[in-house]
Amino acid sequence: MNIKKVSILSSFLGIAISLSFAEIFSVYLALFLIISIGILHGANDILLIEKSKFVVNKNKWYIKLTYVFIVLLAVILFYFVPFYALIIFILFSAYHFGEQHWSQKFSTNQYGFLKKVFQFTFGLLILSLLFLLKPETTNQVIEDLANFSVPFNWFTYLSACSLTMSLIFSVLLLIKKELILTKFSFEFSLLILYTLVFYFTPLILGFAIYFAFWHSLPSLNDQIKFIYGGKLVPGIKSYIKDAGIYWLVSVVGFAAFLFFFYETKLFYSFLFAFIAAITFPHVIVMGKMFSYLKKQKSV
Ligand SMILES: CC1=C(/C=C/C(C)=C/C=C/C(C)=C/C=O)C(C)(C)CCC1
């Protein structure tokens, strides 16, 4: 079975589980997905940095320290200027999600800027759909995180704008023959599935299903192809062998965080702040991997 089929089936299964069991079960399932597939897909960044050769002649300690520095910077930003940190995080994430969706789906390496803007608006569309379909919980988290209450119609505007922009840019890319109609139709019809997932599951599970099955699994697949040159299933063993220790460190940090914050009202805010902090360097690394792959393709 290919990854797309696994993700489609898992999404429906997630909806069925969330409709059949008490809400707390959805929370546990979401945490499990975030910890397993979600965190794992970001655990091999050090190896990716070495493979992408974007830091030349630097030793592993230098790379690791820079990595930790960026995570700390994110934590500091969230602490002192949470509103701006959240905006930057959402913009970064939108681009990162869109980049993964459309990776290796364009015909050539031309129109780089147009493709980047398109990927960004597409990622933003997915996030805004989630916000639009779960406005109360999203707003609660944003309020706790950034002390800012978002008027609900902002989510509507954001979804409408990002949908319009994504459609305009994709039509341009179709005209320029950078995108083929079947890929475009398939990716856009998946938006209906995301809508069902976001509507029928609580915010945390909707996010986790998207994050694990529609972002992390395809990303793991691309990373494994890039690092070891093989397919997801045989490659995952080597990946876990190389990334296991980083994954374990993150999971221990995550477990400590759960232990301290689980009972508090700020649980979701800290959860997303934690994800945000470890996401910043990962977004940079993945961007570098994709641009390295593009360069390789053009030589
Ligand atoms: C869902 C959600 C949020 C955004 C989460 C994002 C943007 C997560 C991005 C994760 C990434 C990019 C992981 C890396 O691979 C907010 C705004 C905190 C509010 C509450 C609901």
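The values are calculated or read from the model by the stated rules, or taken from the named source; none is laboratory data. Source: prediction; values computed, not measured. Cβ coordinates were reconstructed from backbone atoms using ideal geometry, including for glycine residues, and neighbour counts include every protein chain displayed. The area values use the complete protein model at the heavy-atom level, side chains included, leaving out ligands, DNA and RNA. Shrake-Rupley method; radii C 1.70, N 1.55, O 1.52, S 1.80 Å.
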Would you point out the residue of region 136-170, among those that are open to solvent by 70 Å² or more (accessible area, probe 1.4 Å) and among the charged types (D, E, K, R), that is nearest to Lys4 (Cα to Cα)? Glu136
Kindly indicate which of Tyr28, Tyr62, Tyr67 is under 25 Å from Ser238 (Cβ atoms), hydroxyl-bearing (Ser, Thr, Tyr) and out of contact with any helix residue (DSSP H, G or I) (no Cβ under 9 Å at 6 or more places or on another chain). Tyr62
Would a scan of region 265-272 turn up a residue that is in contact with a Lys or Arg (Cβ under 8 Å, 6 or more places away or on another chain) and in a helix (DSSP H, G or I)? no
Of the residues in region 252-278 that are surrounded by fewer than 18 Cβ atoms within 10 Å (Cβ to Cβ) and more than 21 Å from Gln140 (Cα to Cα), the one that is nearest to the ligand (Cβ to nearest atom) is Gly253
The listed residue being near the ligand (Cβ under 10 Å from one of its atoms) and over 25 Å from Phe226 (Cβ atoms), out of Gln100, Gln140: Gln140
Modelled with pLDDT of 90 or more, in contact with an Asp or Glu (Cβ under 9 Å, 6 or more places away or on another chain) and within 11 Å of the ligand (Cβ to nearest atom): does that describe His215? no
Applying the selection to region 241-267, what residues are hydroxyl-bearing (Ser, Thr, Tyr) and in contact (Cβ under 8 Å) with a residue 24 or more places away in the chain? Tyr246, Ser250
Pull out all pairs, ordered by first then second residue, where Cβ-Cβ is under 7 Å, the residues are six or more apart or on different chains, the first lies in region 279-294 and is within 16 Å of Ile90 (Cβ to Cβ) and in contact (Cβ under 8 Å) with a residue 60 or more places away in the chain, and the second is assigned to a helix (DSSP H, G or I) and among the aromatic types (Phe, Trp, Tyr). Phe280/Phe92; Val283/Phe92
Please verify whether Leu77 is open to solvent by 60 Å² or more (accessible area, probe 1.4 Å), part of a helix (DSSP H, G or I), without any contact (Cβ under 8 Å) to a residue 60 or more places away in the chain and in contact with a helix residue (DSSP H, G or I) (Cβ under 7 Å, 6 or more places away or on another chain), treating the condition exactly as stated. yes
Report yes if Leu91 is within 11 Å of the ligand (Cβ to nearest atom), open to solvent by 60 Å² or more (accessible area, probe 1.4 Å) and either over 25 Å from Gln296 (Cα atoms) or part of a helix (DSSP H, G or I) (or both), otherwise no. yes
Scan of region 171-208 for residues that are surrounded by fewer than 21 Cβ atoms within 10 Å (Cβ to Cβ) and within 12 Å of the ligand (Cβ to nearest atom), ordered by number: Pro202
Test Ile63 against the criterion of being open to solvent by less than 70 Å² (accessible area, probe 1.4 Å) and either small (Gly, Ala, Ser) or within 16 Å of the ligand (Cβ to nearest atom) (or both), and give yes or no. no
Which numbered condition Leu232 fails, given (1) more than 13 Å from the ligand (Cβ to nearest atom); (2) buried (at least 21 other Cβ atoms within 10 Å of the Cβ); (3) closer than 20 Å to Ile35 by Cβ: (2)
Filter result for Ile39 (closer than 15 Å to His282 by Cβ and touching a residue at least 12 places away in the same chain (Cβ under 8 Å)): yes
